Structure formats: structure tokens, C-alpha cells
Amino acid sequence: MSGAFPKYVAEFIGTFALVFIAAGSNAVNHLLHGSLGMIGMAIATGVTVMVMIYALGHISGAHINPAVTIAIAATRRIGKTDCFVYIISQISGACAASIMLMQIFPSALSSVNFGATSLGTNIAPEIGILIEAILTFLLVFVIYGSAVDSRSPPGMAGFAIGAFVLIAILFGGPLTGASMNPARSFGPAFIAGYWTDHLVYWIGPITGGIFAALLYDNVFINENVLEEKKDAAIEGI
């Protein structure tokens, strides 16, 4: 099948997998009375991101995150139409995963809101936005450094990005849920009807992601192009 359709399906499937495992591990942790723990949930989410990047990266880029898609669009590496449909595909995948979790873990609605992200105790919304912005800034910075920049070591993007997601959850999980992904937060929130502080998970990730993309693209990648032109000019003398 040619055209853009496979890319949109890939983004749907990738985001479905991410939310199904990330939010689902939250429900499993509740059923196991906390024995899975933050470490187990972080590993489950980070490894899922890594696997989806290797499975889908060559098809759609494996954004599986509206904040990543918007950040990449901000540096004109994806068109407006693809950007819009990617986001629709990601949100649809997140909602579909949450519907499946509702069927599998019906008790998770009252216990963990189907894995919807929420702010920790004494974390104000503005602090939550700051935390999500910083974590997503670092996530997108890793994405540009390991996947977008042509100088990056081949084959390492999935490992680098998945590893960062894992450690980000270990740090930020107790504070904000370390979503770094509006679709990850939207799907469970939509199915559970849990909208408390939901804007935190749009404002923070999108702001942090755009800033990281613009910084890397203008400081590191553009600088690389200038150096290559300079080297070529010297070689031509």
C-alpha cells in the first residue's frame, strides 16, 4: 500500500501499544496490590516505546506522541496535513487502548481511572506544567540527537529514547505521572471522565517539545551544516 495511509495506521498502532501497556501496567499494579511498583511500570513503558520505535520508525517515524509531532512540525520536518492526521491517529489509538482496558479491567475506573495521569500530592498545576515541560524538552532533545540528526549512531534511537522514557518515569512518575505525551494522558482521561489538571499534560509537553526541537535544529544541526560547508570549501582550495 502506497501513500500516507500506512503512516497514519502506524501512529495509531504505536500509540495504542504505548497507552495499553503504560496505562494497563497501572491497573495491573493495582490488582497486584502495588507489587509491580514504579520501577515495573517504568520498565514496561520504556521498553514499549523502544520496541515501537524499532517496529514502526521506518514507516512513520514512530512519533506516537502529539508533542513530538508538533515539535517536529515546528522545524518543518513534517507537513501540516501529516501533522494534523498524525495527532488524530495518536489520540484515536490512545482512546482505543483505553476502551480495551475498560473491558479488561472494569474495576480500574474507580481505582486508577484507567491509568489516567494525575499530579502528585502538593504538586501545583504550574509546577506540574514545569515538570512536564522539562521532561518533554529532554525527551525531544534525545529524539533529535539520536534519530533526527544524521550524525547519530545508526540503530541506537530506539534504545536511547526508550531508556530516557524509563528514567523520566522513575523521576517524574510520583510527581506528574511523567506523561510527556498528551495522547497518553487524553485516552484514559476521556474514557474515565477524569479531567483534573488535564491541561497540564498538553501545555507542558507541547511547550517543552517545541523549545527542544527549535534549539537542537538551530544550534546543533544548522551548526553542523555550516561546518560541513566550511570543510568542503577548505578541501576545494
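Multiplying the residue separation of Leu199 and Arg76 by 0.36 nm and subtracting their alpha-carbon distance yields 41.7 nm. Measuring only protein heavy atoms, the 1.4 Å probe finds Thr121 accessible over about 120 Å². Per-residue SASA remark: Phe12, around 80 Å² accessible (1.4 Å probe; ligands, DNA and RNA not included).
Compute the FRET efficiency between Asn122 and Ile167 as 1/(1 + (r/R0)^6), taking r as their Cβ-Cβ distance and R0 = 30 Å, and round to the nearest 0.05.
On the way: r = 23 Å, r/R0 = 0.77.
The computed FRET efficiency comes out at 0.85.
Ranking Ala163, Ala189, Met100 by how far each Cα lies toward the positive end of the dipole of region 4-236 (charges on Cβ) leaves Met100 at the top. Springs join every pair of Cα atoms under 10 Å in this Gaussian network model of the chain, and among Ala124, Ala213, Ala116 the largest mean-square fluctuation is at Ala124. Tilt of helix 182-192 relative to the longest C-alpha principal axis of the chain, in degrees (0 to 90, nearest 10)? So the inclination is approximately 20 degrees.
Summarised as an ellipsoid, region 21-89 has semi-axes of 31, 12, 9 Å, derived from the eigenvalues of the Cα gyration tensor scaled by 5 and square-rooted, with the largest first. If you take all other residues with their beta carbon under 15 Å from the beta carbon of Ala168, and give Lys and Arg +1 and Asp and Glu -1, the sum is 0.
Note on region 4-236: with neighbouring protein chains present and a 1.4 Å probe, carbon and sulfur make up 70 percent of its accessible heavy-atom surface.
Approximating the spin labels as points 7 Å out from Cα along Cα→Cβ, the Asn222-to-Met38 distance works out to 3.8 nm.
Mean projected area of the Cα convex hull of the chain, taken over all directions, amounts to 13.8 nm². Dipole size of the chain about its Cα centre, with +1 on Lys/Arg Cβ and -1 on Asp/Glu Cβ: approximately 380 debye, rounded to the nearest 20. Taking 0.36 nm per residue of separation and subtracting the current Cα-Cα distance, fully stretching the chain between Arg151 and Leu31 would add 38.7 nm.
Taking 7 Å steps out from each Cα toward its Cβ at Phe5 and Leu214 produces label points 3.8 nm apart. The figure for Trp195 is an accessible area of roughly 120 square angstrom, using a 1.4 Å probe on the protein chains alone.
The values are calculated or read from the model by the stated rules, or taken from the named source; none is laboratory data. Source: prediction; values computed, not measured. Cβ: placed from backbone, ideal geometry, glycine included. Neighbour counts: every protein chain shown. Side chains included, ligands, DNA and RNA excluded: accessible areas come from the protein's heavy atoms. Shrake-Rupley method; radii C 1.70, N 1.55, O 1.52, S 1.80 Å.
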